[in-house]
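To start, the structure itself, in structure tokens.
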Amino acid sequence: MTTLRLKPQEERRLRAGHLWIYSNEVDTERSPLKTLAPGALCRVEDARGKPMGTAYVNPHALLCARLLSGQADAVIDAGWFARRLRAAAALRDRIYGRPFYRLAYGEGDGVPGLVIDRYGDVLVVQLGTAGMESLKGPLLDALRAEFAPRGIVLRNDSPAREAEGLPLYVEDVGEVPPTVEIDEAGVRFEVAMHGGQKTGFFYDQRDNRDRLARYARGAQVLDVFSYVGAWALRAHGFGAASLACIDSSAAALDAAQRNAAHNGASIEALRGEALDVMKQLAAAGRRFELVVVDPPALIKRKKDHAEGLGLYGRLNRAAIQLLAPGGFLVSCSCSQQLEADELQRVLLRESRAAGRRLQILEQGGQGPDHPVHPAIAETRYLKAFFCAVWPD
């Protein structure tokens, strides 16, 4: 393998356990970074030549290398993937007991750039970097050997791949059904293997949906950005009185309706932009005892921060105005660029602007099948505040 030599003092973050190397940290006079092919494996050394590990590179990206192993002579093959994924599966199986979870969460599981969701005997795989794309062959070999899946979907259609210079595509390996059925705490969901959002289902909110047991009984529930109705139907499982879902996608609301039928529930499907529909509900005098606001990432880049923060504010104010006195608000953000204390300040500001008194009852994050790497803050992204809202 080619050697990637770092500039003096630039190895400190790696010694602390981080996995990322930026192009301005590489001694390009001693390392042929720009001549390497995207996805090539390399040996990483500090400025004195001491080995730091094995990485893959992308010379065209600012984040130009990610460590796969702390061993400079590591062999990255199907056996390496099998060991990492075997450990990841053992952890999830101990926690969840059933094969419905995120099997691999990138850096959090020591497989940078790789995401795998497990739906029983079907796996959905996202290769987010040139390095992982180049390792697709040994990865697939490892998945077949370890899990013997009926089918594998390569959902490599995320726009984030374009930053790595990668094409967008979806590819099926083996037998992939149009939909699979999963079970979350006794609630059944039909998940589309093609055409759904990201990898099909949002496992990361499972533990937060479990928390609804405290708040949903007898409640009129509004699920904003509902997608396939996961929050609403979990609330139904905890005894909610009525369910309403807002989403801009007709396909998502159709899926929510099918999922409701699977669980003996009915959903009021409200199609449109979330803010517009919530304002219409308020104008009609509608009130709810539980409102969940779980939007997609509204801040994808630092330059979007101010605009996204304003949108979080408007959405939460509209939700607060729809709550009956003493009602519960669940406010979520999956924007890695938004800190939890910023969302807390949004809730304070918007509740006061709406003339309400807000109490934060508990706070949640991503589930344990999305483990946080202790040296990489970016692996912690999900925020969920459970609040009670009263007249001021």
- Task: Before anything else, pin down the relative contact order of the chain: Cα pairs under 8 Å, at least 6 apart, normalised by residue count, whole percent.
- Result: 11 percent
- Which one, (1) 53, 24, 17; (2) 41, 25, 17; (3) 31, 28, 21, gives semi-axes √(5λ) of the Cα gyration tensor in Å as derived from the coordinates shown? (2)
- Task: Would you work out the relative contact order for the stretch 78-177, in percent, from Cα pairs under 8 angstrom that are 6 or more residues apart?
- Result: 23 percent
- Take the chain, connect every pair of alpha-carbon atoms lying under 10 Å apart with a spring to form a Gaussian network, then pick out the residue of ARG356, ARG209, ARG301 with the largest mean-square fluctuation. ARG301
- Listed highest first by mean packing, meaning other Cβ atoms within 10 Å per residue, what order do 116-124, 31-39 come in? 116-124, 31-39
- Message: Treating only the Cβ of Lys, Arg, Asp and Glu as charged (+1, +1, -1, -1), what charge dipole size does the chain show about its Cα centre? Round to the nearest 20 debye.
- Response: 880 debye
- Starting with the highest mean, order 339-350, 239-250, 273-284 by the number of other Cβ atoms within 10 Å, averaged over the residues of each peptide. 239-250, 339-350, 273-284
- Item | Estimated dipole of the stretch 78-177 in Debye, rounded to 20 [Cβ of Lys and Arg +1, of Asp and Glu -1, Cα centre] | 460 debye
- Message: For the stretch 180-391, I need the span (max minus min coordinate) of the C-alpha atoms along each principal axis, in Å, sorted largest to smallest.
- Response: 46, 40, 29
- Query: What 222 nm value per residue comes from the helices of the chain, counting each DSSP H run with n ≥ 4 as -39,500 (n - 2.57) and dividing by all residues, nearest 500 deg cm²/dmol?
  - Reply: -8000 deg cm²/dmol
- When the charge dipole of the chain is computed with +1 at the Cβ of Lys and Arg and -1 at the Cβ of Asp and Glu, the Cα pointing farthest to the positive end, of ASN24, HIS194, SER248, is that of ASN24
- Task: Compute the FRET efficiency between LYS7 and GLU162 as 1/(1 + (r/R0)^6), taking r as their Cβ-Cβ distance and R0 = 25 Å, and round to the nearest 0.05.
- Result: 0.30
- Could you pull out which residues in the stretch 45-81 have an amide N less than 15 Å from a spot 7 Å beyond the Cα of THR28, following the Cα-Cβ vector? 58-65
- Item | Check: the stretch 304-390 dipole with +1 on Lys, Arg Cβ and -1 on Asp, Glu Cβ, in debye | 480 debye
- Query: Out of LEU315, LEU361, HIS262, whose Cα points farthest toward the positive end of the dipole of the chain (charges: +1 Lys, Arg; -1 Asp, Glu; placed on Cβ)?
  - Reply: LEU361
- Message: 5 Å is the cut-off here: which amide hydrogens, built 1.01 Å from N in the peptide plane, fall below it relative to TYR22, excluding neighbours closer than 5 in sequence?
- Response: CYS64
- Note on the structure: Taking Rh as the Kirkwood radius computed over alpha-carbon pairs of the stretch 2-69 and applying Stokes-Einstein at 4 °C with viscosity 1.567 mPa s, one gets a diffusion coefficient in µm² s⁻¹ of 114 µm²/s
- Message: Can you find, among LEU4, ALA89, LEU63, the residue sitting farthest towards the positive end of the charge dipole of the stretch 1-131, where Lys and Arg contribute +1 and Asp and Glu -1 at Cβ?
- Response: ALA89
- Value of D in µm² per second that Stokes-Einstein yields for the stretch 78-177, Kirkwood Rh from Cα pairs, at 37 °C (0.692 mPa s): 242 µm²/s
- Antiparallel bridges, percent of DSSP beta bridges restricted to the chain (to nearest 5): 65 percent
- Query: If you average 1/r over all unlike Cα pairs in the stretch 229-319 and invert the result, what Kirkwood radius do you get in angstrom?
  - Reply: 14.3 Å
- For every other residue with a beta carbon closer than 12 angstrom to the beta carbon of ARG43, add +1 if it is Lys or Arg and -1 if Asp or Glu, then tell me the sum. -1
- Query: Gap in Å between the Cα centre of the stretch 261-323 and the Cα centre of the stretch 361-377?
  - Reply: 24 Å
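Only the coordinates and a few stated rules stand behind these numbers; no lab work does. Given the structure is predicted, the values throughout are model-derived calculations rather than measurements. For neighbour counting, all protein chains shown are included, and Cβ atoms are generated from backbone atoms with ideal geometry for every residue, glycine included.
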